[in-house]
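Here is the structure we will look at.
The values are calculated or read from the model by the stated rules, or taken from the named source; none is laboratory data. Since this is a predicted model, take the numbers as computed values, not measurements. All Cβ positions, even for glycine, are placed from backbone atoms using ideal geometry, and neighbour counts span all protein chains on display.
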Amino acid sequence: MWPDPTPHGAPRRDPDVPPAAAGLAVDLRLTRPVALAARFTIRGFTVLLGASGEGKSSLLKALAGLLPAAGEPFGGLPAHRRPVGYLPQGSALFPHLSVWRNVAYALDGSRAERRAAAVAWLDRLGLGSLAERYPAQLSGGQKQRVALLRALARHPALLLLDEPTASLDAATGEAIMAELIARTRELGLPALVATHDALLAAMADHVAVMHGRRVVQEGAPEEVFAAPVDPEAAALLGWRNLFTGSLRGADAAGSAQLAWEAAGTVLRLRARPPALPGVTVSWGISAGAVHLLPPGPVGGGGRENRVAGEVVARHALSDRSVCVVRCGKAEVMVGAPPGCGLRPGEPVTLGFPAEAIRLWGAG
């Protein structure tokens, strides 16, 4: 546990402010600059995942008291009385202040006390040697760490971060996030991070998915990623295999079937037969759930639906490959080991496990 490096300068907390412990309920309504209503719970390190324009930044500003909103928490408290640390996009360091003065900006006490407190925070992240530098002399990662320390130095009960890795390269952003998660857990500090990056959401304790300017789903990352509530949420969570089809009656084993017209095949589902066959539905399957199988018979007769396809592209990533396979008129993304050796034009068979197919709109 970090020792308390700022005995001076912690803002006085209002006794009416609810503690930002695990399970801080948020129920806010905004009318400007965007109209939105959001109800969800902050649990540990929580990611608010949504596309640009959904109002994520406005929601964080409302929580910080910088935009008018109705609801909880902090109902009606002015910004200076809210026990929050707010880190806007781009870190927003004061360019005319040194690093230590940026960190100490919101602290009380004498100059010597404020400097000592700021340097103590900087030392915790190995940045003590930068105390007298100015923001223009820092790297992107250093700026973000200094901005984080400025938010933490206020001893907030809740940390708010708006796209904290948007201006960083992938490696630096991942390192910053891992460090941020470790520090907030060490401090027992709940945090809410607004982002459009599903990879950041996968690192969180809790995820709230936002579209249509409202939160449509929340839960532990493994639960949310495995079962998106609708196709829009699935797309935000990184699902790329999203299609439409029509439900059919039961097969010989009593399971429902899905006619996938674009691929010219019928898939067996792990579901009861529909009351009204012929209903068009949206469906999806994650790239990691689709299997590359040895050549063989195709169809949906067994547990795993087998579909013939042709490789149209292969993309090598750091530790794996992703193949794009054309099945009829549909294109499917499937994970593959780096050394699989598949080339565009090669025929393959794909396996779609019945239990991995997610239906939406089936009633």
Checklist entry - Do we have any residue at all in segment 122-130 that's in contact with an Asp or Glu (Cβ under 9 Å, 6 or more places away or on another chain) and touching a residue at least 60 places away in the same chain (Cβ under 8 Å)? => result no
Next on the checklist: For the condition in the same structural domain as residue 188 (by TED's automatic domain parsing), under 19 Å from residue 171 (Cβ atoms) and crowded, with 20+ Cβ neighbours inside 10 Å, what is the one hit in 107, 148, 122?
Outcome noted: 148
Next on the checklist: Only one of 178, 263 is of a type in the set (Gly, Ala, Ser), in contact (Cβ under 8 Å) with a residue 40 or more places away in the chain and either in the same structural domain as residue 322 (by TED's automatic domain parsing) or out of contact with any strand residue (DSSP E or B) (no Cβ under 8 Å at 6 or more places or on another chain) (or both). Can you tell me which?
Outcome noted: 263
Checklist entry - Can you spot a residue in segment 340-348 that is touching a Pro at 6+ places or on another chain (Cβ under 9 Å), assigned to a strand (DSSP E or B), surrounded by 14 or more Cβ atoms within 10 Å (Cβ to Cβ) and assigned by TED's automatic domain parsing to the domain that holds residue 261? => result yes
Checklist entry - Would a scan of segment 55-63 turn up a residue that is buried (at least 21 other Cβ atoms within 10 Å of the Cβ) and at pLDDT below 90? => result no
Checklist entry - Taking residue 296, is it of a type outside the set (Phe, Trp, Tyr), out of contact with any helix residue (DSSP H, G or I) (no Cβ under 9 Å at 6 or more places or on another chain) and not assigned by TED's automatic domain parsing to the domain that holds residue 201? => result yes
Next on the checklist: For segment 293-311, give me each residue that is of a type in the set (Gly, Ala, Ser) and at pLDDT 90 or above.
Outcome noted: 308, 309
Checklist entry - Can we say residue 159 is buried (at least 20 other Cβ atoms within 10 Å of the Cβ), within 14 Å of the chain's Cα centre (by Cα) and not in a helix (DSSP H, G or I)? => result no
Checklist entry - What about residue 35, is it within 21 Å of residue 217 (Cα to Cα), at pLDDT below 90 and out of contact with any Asp or Glu (no Cβ under 6 Å at 6 or more places or on another chain)? => result no
Next on the checklist: Could you check segment 202-219 and list, in sequence order, the residues that are crowded, with 18+ Cβ neighbours inside 10 Å and touching a Gly at 6+ places or on another chain (Cβ under 9 Å)?
Outcome noted: 204, 205, 206, 207, 208, 209, 210, 211, 213, 215
Checklist entry - What number of residues within segment 272-292 satisfy the criterion of being modelled with pLDDT under 90, within 14 Å of residue 360 (Cβ to Cβ) and surrounded by fewer than 17 Cβ atoms within 10 Å (Cβ to Cβ)? => result 1
Checklist entry - Of the numbered conditions (1) assigned to a loop (DSSP other than H, G, I, E, B); (2) in the same structural domain as residue 39 (by TED's automatic domain parsing); (3) surrounded by fewer than 20 Cβ atoms within 10 Å (Cβ to Cβ); (4) among the polar types (S, T, N, Q), residue 172 satisfies every one except a single condition; which is it? => result (1)
Next on the checklist: Considering only segment 92-108, I want to know if a residue exists there that is touching a Pro at 6+ places or on another chain (Cβ under 8 Å), assigned to a helix (DSSP H, G or I) and not aliphatic (A, V, I, L, M).
Outcome noted: yes
Item to check | Failed criterion for residue 88 (all others in (1) crowded, with 18+ Cβ neighbours inside 10 Å; (2) modelled with pLDDT of 90 or more hold) | outcome: (2)
Checklist entry - When segment 131-171 is examined, which residues are found to be farther than 10 Å from residue 103 by Cβ and among the hydrophobic types (A, V, I, L, M, F, W, C)? => result 136, 138, 157, 158, 159, 160, 161, 166, 168, 170, 171
Next on the checklist: Quick check on this structure: which one of 198, 220, 208, 204 is over 10 Å from the mean Cα position of the chain (by Cα) and not acidic (Asp, Glu)?
Outcome noted: 220
Checklist entry - Taking segment 136-162 only, how many residues are more than 24 Å from residue 80 (Cβ to Cβ) and not basic (Lys, Arg)? => result 8
Checklist outcome for this item: So, first residue within 16 Å of residue 64 (Cβ to Cβ) and hydrophobic (A, V, I, L, M, F, W, C) in segment 20-33, second residue loosely packed, with under 12 Cβ neighbours inside 10 Å and at pLDDT below 95, Cβ within less than 8 Å, six or more apart or across chains; the pairs are 30/68
